[in-house]
Amino acid sequence: RAPVRRWGARGATCSAPGVARSPYAPGKSLRLGSGNAKRGPAGPAAWLSYAGAAPPTGIEVAHVEVLTPDGTAATAARRLFATLRRLDALADIEWILAEECPDDTGLGPAIRDRLQRASAER
């Protein structure tokens, strides 16, 4: 019999989805929060607004996407990954700037966590 490996054991690897630091990261660089607009890569960006806020000034925005047109966290959670994949597939953008999730209740913290993971440097 093979020895049983416990989580966290030396040399153990984890193959469970969603456990890695950036399993949700798109191929294009993603920056979270309008304060990171100046630190983004050169070239046109996509602005991922949470509920329709205008993109920050000072960057070239080639595409705008609203994550939750109705302003609910349930809609944002449902649309998050498809929206990131859609933005990642756009040929006319170099990077993605996403507005932080303002909701601190319900699904808000989970959405914020997924966006933070998606923006993690690889």
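The values are calculated or read from the model by the stated rules, or taken from the named source; none is laboratory data. Quantities reported herein were computed from a predicted structural model and do not represent experimental measurements. All accessible areas refer to the heavy atoms of the entire protein, side chains included, with ligands and DNA or RNA removed. Shrake-Rupley method; radii C 1.70, N 1.55, O 1.52, S 1.80 Å.
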*region 40-89 - percent of accessible surface contributed by carbon and sulfur, probe 1.4 Å*: 57 percent
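Between residue 63 and residue 86, what is 0.36 nm times their sequence separation minus the Cα-Cα distance? Round to one decimal in nm.
Numbers: separation 23, 0.36 × 23 = 8.28 nm, distance 1.11 nm.
Net length gain for the segment: 7.2 nm.
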*Amide H to amide H, which residues 5 or more places from residue 29 or on other chains are under 5 Å from it, using H placed in the peptide plane?*
96
*Ignoring ligands, DNA and RNA, how do 86, 78 rank by accessible area with a 1.4 Å probe, largest first?*
78, 86
